[in-house]
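Everything below concerns the one structure shown next.
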Amino acid sequence: MAEAHWYVAHTYSGYENKVKTNIEKTIENRNLQDQIFEVRIPLQEVVEMKNGKKQTVQKKMFPGYVLVNMIMNDDTWYVIRNTRGVTGFVGPGSKPVPLSDIEMFNLGVQSANIEVDFKEGDQVNVISGIWKDTVGKVQTINAKKQTVTINVELFGRETPVEISFSDIRKL
């Protein structure tokens, strides 16, 4: 199976949010969740002075661009390229060039891989957050989001809860 990479799609300036929404709707409508994983608009916090008051606002780091994490093939290329508001991919000619892991890390989009000492079926203890001191059994591990789904007892029933890697410890 091909590997997913981050690609940059060029959009009309000011249409980034609309393009992101349109791509996400298309992913859902065409069942492409296993090929197009995430769409992001890189933002940064900026302090602005308005009427003598400091305000922290979110500004687009790269106006006119949207980041897409996907497996590049003819179908995914066609879906992104033909989304309303997208003018093309960044790269020579019509061939998109993936961003490197270092470039993504510098953007704060992708963090370093975390090794975990638990696996599906293990008992874990939640060490922080609203589920602190809860014990549960690991059902699924999502390395991409760095979360696990555990079953906890809630109102006498087993209920799945998603917890961050950093909030649990193996028993």
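The values are calculated or read from the model by the stated rules, or taken from the named source; none is laboratory data. Keep in mind that what you see is a predicted model, and the values were worked out from it rather than measured. Just so you know, the surface numbers come from the protein's heavy atoms only, side chains and all, with ligands and any DNA or RNA stripped out. Shrake-Rupley method; radii C 1.70, N 1.55, O 1.52, S 1.80 Å.
Some observations on this one:
- Other-chain or far-sequence residues with amide H under 5 Å of Val152's (modelled H): Thr159, Val161
- Estimated vicinal HN-Hα couplings, Hz - region 9-17 in sequence order (Karplus 6.51, -1.76, 1.60; Gly, Pro = x): 9, 8, 10, 5, 4, x, 9, 4, 5
- Base-10 log of normalised Debye intensity for region 65-171 (one unit scatterer per alpha-carbon) at q = 0.10, 0.16, 0.24 Å⁻¹: -0.48, -0.80, -1.24
- Mean accessible surface per residue for the chain, computed with a 1.4 Å probe while every protein chain stays in place, in Å²: 67 Å²
- Cross-link reach is defined here as a Cα-Cα straight distance under 19 Å, omitting same-chain residues fewer than 8 places apart; for Lys54 the aspartates and glutamates meeting it are Glu45.
- The stretch between Lys145 and Ile71 holds 24.9 nm of extra length on full extension. This uses 0.36 nm per residue minus the Cα-Cα distance.
- Linear extension gain, Thr87 paired with Glu38, 0.36 nm per residue minus alpha-carbon span: 15.7 nm
- Alpha-carbon radius of gyration plus Dmax, which is the widest Cα pair, for region 1-79 in Å: 15.7, 56
- The portion of the accessible surface of the chain made up by carbon and sulfur, rounded to a whole percent, is 48 (1.4 Å probe; DNA, RNA and ligands excluded).
- log₁₀ of I(q)/I(0) at q = 0.15, 0.17, 0.28, 0.29 Å⁻¹ - region 35-76, Debye sum with one point per alpha carbon: -0.53, -0.60, -0.93, -0.95
- Estimated purely from DSSP H runs of n ≥ 4, each contributing -39500 (n - 2.57), the mean residue ellipticity at 222 nm for the chain is -4500 deg cm²/dmol once divided by its residues.
- Reduced Cα scattering model of region 1-147, Debye log10 I(q)/I(0), q = 0.12, 0.17 Å⁻¹: -0.67, -1.03
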